[in-house]
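Colleague: Sending over a structure as structure tokens; questions will come in a sec.
Derivation of every value follows stated rules applied to the coordinates shown; laboratory data play no part. Please read all numbers here as calculations on a predicted model, not as lab measurements. All Cβ positions, even for glycine, are placed from backbone atoms using ideal geometry, and neighbour counts span all protein chains on display.
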């Protein structure tokens, strides 16, 4: 009898898994097809659709993906790693073939490659607007046309290599960047499978591999943040394998790809300090410095004269200083919008007070997270939880121009935690980020909270 019940349970689980896979397959196919329903390719992204019907179609697809993923989180099926990876790879291939409608960042990546190879320029010292005759100029978003790059020199080396490989055709460069991001995502899934080894490992891996935000932003939009996810997970995998120096070296390398990698250094350093092994701590610090210096020197050798510009960018990062009322996260929005409504935040002193308030709050959050980690047992779980909390605090409070792809590392770390609360929080952030394409983060958060409250009340009254 017990064997029969077990077989029946496995059959039900297999049926649920097939239904989830079929639902996601249909929705991703819809996204891929809808991405080409536009005549002017220079305007084919969520921010600049001029056809309300197309905007509504994508909103319906994103809402359906969010609902399907919420159902998956509620009761994840236990699938083999092979099945999970095959499904994620198939959807990745489908999205690589789609037009990048999430944003125009991938076109900016191609532009930086052209600036270096075709025009002999340095993206830290010149901007896309300095080359108005370039055939790719119309595809670069106006917001970034007259600004130097905000990416690290290691990524600019990638953009240079892509341009050298494709030898000038802009479309080939865009799809090679998308192909790279799409290839990195299954690699992230593979590393995630090696990191997560708890009793619910198979279910948690499905939540990671089938996460719509990770899939869409990597293979669909081609954002380079998925490379940061891979480097961070690889560092954690080295840490778990007792290769502490390699973990810190990877973190140092990732800093030259995107600056926010340093955000996760305190958690790694604290976990090493908790072990009480001074010799190992010195080896780790030496590996971090050596890898950082070597990688930075190699990357900057391709961009002479960049050191001063990079230092100014690190000391005065525009992404954490300017105020963008419609693109800030829900937490500072709750402070900024009322102040603006009553006439505050109009003078430099008021803006400075707002900045001081959110920076102080982030400092308190960071200290609380590290104090929590110091009391927690040693191990990978403490690192995952602290990384998630530090990332969520930083991008919520410090980044005033918050876009969905900024949150990929936060979501990835949260989904790999063993505690259910972190997994649910990461899933909620994923859904919120996808909806923010249409509603802004703050409005999406209000709507998401309202729907959650309504469902909770319905359950209680049932």
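Colleague: Can you sort 244, 279 so the residue with the fewest Cβ neighbours within 10 Å comes first? Could the numbers behind the result be given before it?
Modeller: Working: 244 21, 279 7.
With the fewest neighbours first, 244, 279 line up as 279, 244.
Colleague: Please state the relative contact order of the chain as a whole percent: Cα pairs under 8 Å, 6+ residues apart?
Modeller: 16 percent
Colleague: I'd like the distance separating the alpha-carbon centroids of segment 358-399 and segment 239-257, in whole Å.
Modeller: Between the Cα centre of segment 358-399 and that of segment 239-257, the gap is 19 Å.
Colleague: Most exposed first by the Cβ proxy, i.e. fewest other Cβ within 10 Å, how do 248, 314 rank?
Modeller: Final ranking by Cβ density, sparse to dense: 314, 248.
Colleague: Could I ask something else about it? Fewest Cβ neighbours within 10 Å first, please rank 151, 36, 264 accordingly. Don't jump to the answer; show the numbers that get you there.
Modeller: Details: 151 21, 36 12, 264 24.
Ordered from fewest to most neighbouring Cβ atoms within 10 Å, 151, 36, 264 come out as 36, 151, 264.
Colleague: Hey, another quick one. Sticking to Cα atoms, compute the Rg of segment 1-160 to one decimal and its Dmax as the biggest Cα-Cα distance, whole number, in Å.
Modeller: Cα-based Rg and Dmax for segment 1-160 come out at 21.6, 76 Å.
Colleague: Here's something else I'd like to know. With r as the distance between the Cβ atoms of residue 309 and residue 172 and R0 = 45 Å, compute the FRET efficiency 1/(1 + (r/R0)^6) and round to 0.05.
Modeller: Working: r = 29 Å, r/R0 = 0.65.
Working from the Cβ atoms, E equals 0.95.
Colleague: Just to verify a number: FRET efficiency for residue 125 and residue 352, C-beta to C-beta distance, R0 = 30 Å, to 0.05? If you can, show how the numbers build up before the last one.
Modeller: Working: r = 30 Å, r/R0 = 0.99.
Rounded to the nearest 0.05, the efficiency is 0.50.
Colleague: Could you pull out which residues in segment 281-305 have an amide N less than 17 Å from a spot 7 Å beyond the Cα of residue 242, following the Cα-Cβ vector?
Modeller: 281, 283-284
Colleague: Please give the calculated 222 nm ellipticity per residue for the chain, where each DSSP H segment of at least 4 residues contributes -39500 (n - 2.57) and the sum is spread over every residue; nearest 500 deg cm²/dmol?
Modeller: One gets -23000 deg cm²/dmol as the mean residue ellipticity at 222 nm.
Colleague: On a full-extension model of 0.36 nm per residue, what is the gain between residue 281 and residue 93, subtracting their alpha-carbon distance, rounded to one decimal in nm?
Modeller: 63.5 nm
Colleague: Calculate the translational D of segment 2-461 in whole µm² s⁻¹ from Stokes-Einstein, where the hydrodynamic radius comes from the Kirkwood formula applied to all Cα pairs, the temperature is 20 °C and the viscosity 1.002 mPa s.
Modeller: Estimated via Stokes-Einstein, D reaches 92 µm²/s.
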